[in-house]
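Taking it in order: structure first as structure tokens, then the write-up.
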Amino acid sequence: MSLVKPLFFGVLLPAVVCGGLSALVGYFWLSHREKTYLQWLAVAALGVGYIVGYLGLEGWPSVPPREGIHWLFYSAAGAMIAGCFWHISRWWRLIAQVALSIVIPRLLLNSMFRYTWGQLEGIVWWACITVAILIFWQLVQQSFTVLPSGASSPFVYFGISGGTALLLALSGSLRLAQHAGILVALFAAIWILTLVLQRGANSRWQVFPPGVSPVVTLLFAGLWMNGYFYAEVPAASAILLAVSPSFARVGEIEAVQRLGTRKATLVQIGLIALCVGIAVGIAFAHSGFFGEGNY
């Protein structure tokens with residue numbers, strides 16, 4: 001029975017919810033409906049899908065949250081609300097990005113600020129993490145544009161979420177790994193659905209509109225922060241996962257473009273996969289499977 005709950009609530013149910021909402025996105029795309037609906041549904045597919053998985057694994061989070069992992073629920077909710085209004089204006093997007101990048105680390109790492117770091121050390125960590133989240137956010141947004149339309153983007157983030165789940169499991173936190181597993185299920189559902197829907201009329205379907213970036217960014221950042229500060233995730237592994245979407249930009253290199261769309265996409269995905277693989281390999285080496293771990 002111990003495996004039934006995480007498999008059903010952490011994999012199957014979130015995938016069904018996410019897949020159903022993503023199917024509506026495909027329906028509206030085929031019907032040439034107003035694009036705002038597409039953005040709302042795409043944001044809800046990931047946001048609601050994760051929240052359903054979270055509630056299935058953890059139940060309702062405490063108020064106020066007692067652990068960093070509890071803030072993942074509120075991060076998903078806040079990111080989903082921000083993403084639904086992402087189309088309003090450029091200034092709204094900038095303000096939301098900066099505000100969320102500042103607030104989330106302070107809330108999620110509250111125990112570090114209160115019991116571990118001094119005032120100056122806490123400010124330095126806060127500033128560095130805020131900048132790191134903003135940089136990762138830009139990489140996520142760029143990857144949505146640079147990767148070819150269709151199934152490429154969900155497949156890439158399926159791989160990154162899978163690498164994150166392995167990394168967290170190897171670093172001693174099966175609980176966090178289960179939450180990363182929710183993302184694996186969500187991106188897998190979107191990827192498979194896109195493979196079906198992108199044939200013919202949907203071959204140019206942009207699966208992830210810009211409004212999805214807050215959900216993707218804050219959920220990954222929250223998992224990595226929890227893993228690094230509250231588990232034993234190596235810093236190098238977390239950094240490699242965070243920068244892996246940047247390799248999507250190799251598709252803009254002229255020499256790569258001359259390879260053709262298919263081969264260029266394989267180069268992009270291959271480099272991202274290599275980065276994720278190295279991150280997992282470092283965590284594997286630190287886990288002690290090769291003998292005494294190096295911490």
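Take each of the peptides 179-186, 266-273, average the number of other beta-carbon atoms within 10 Å over its residues, and list them starting from the highest.
The peptides rank, most packed first, as 179-186, 266-273.
Average accessible surface for the chain: 48 Å² per residue, computed with a 1.4 Å probe over protein heavy atoms with every protein chain in place. Only Cα pairs under 8 Å and 6+ residues apart enter the sum, and on that basis the relative contact order of the chain stands at 24 percent.
One quarter of the convex hull surface built on the alpha carbon atoms of the range 143-273 amounts to 7.9 nm², the projected area averaged over directions.
Look at where the Cα atoms of the range 152-195 and of the range 203-250 average out, and the two centres are 11 Å apart. Where in the chain lies the longest segment free of GluC sites (Glu not before Pro) that are both loop residues by DSSP (not H, G, I, E, B) and have at most 15 other Cβ atoms within 10 Å? The answer is 35-291. Angle between the Cα long axis of helix 213-230 and the longest principal axis of the chain, 0 to 90 degrees, nearest 10? Helix 213-230 sits at roughly 20 degrees to that axis.
For the chain, adding -39500 (n - 2.57) for each run of n ≥ 4 DSSP H residues and dividing by the number of residues yields -23500 deg cm²/dmol at 222 nm. Could you give the angle, 0 to 90 degrees to the nearest 10, between helix 90-108's Cα long axis and the longest principal axis of the Cα atoms of the chain? The two axes meet at around 30 degrees. Accessible surface of the chain, 1.4 Å probe: 69 percent of it comes from carbon and sulfur atoms. Calculation over all alpha carbon pairs of the range 109-192 in 10 angstrom steps from 0 returns a P(r) of 17, 29, 36, 16, 3 percent.
The angle between the Cα long axis of helix 174-197 and the main principal axis of the chain comes to about 0°, on a 0 to 90 degree scale.
The values are calculated or read from the model by the stated rules, or taken from the named source; none is laboratory data. Being a predicted model, the structure only gives us computed values, none of them experimental. When we count neighbours, we look across all protein chains shown, and the Cβ atoms used for this are built from the backbone with ideal geometry, even at glycine. To get the accessible areas, we keep the full protein, side chains included, count just its heavy atoms, and leave off ligands, DNA and RNA. Shrake-Rupley method; radii C 1.70, N 1.55, O 1.52, S 1.80 Å.
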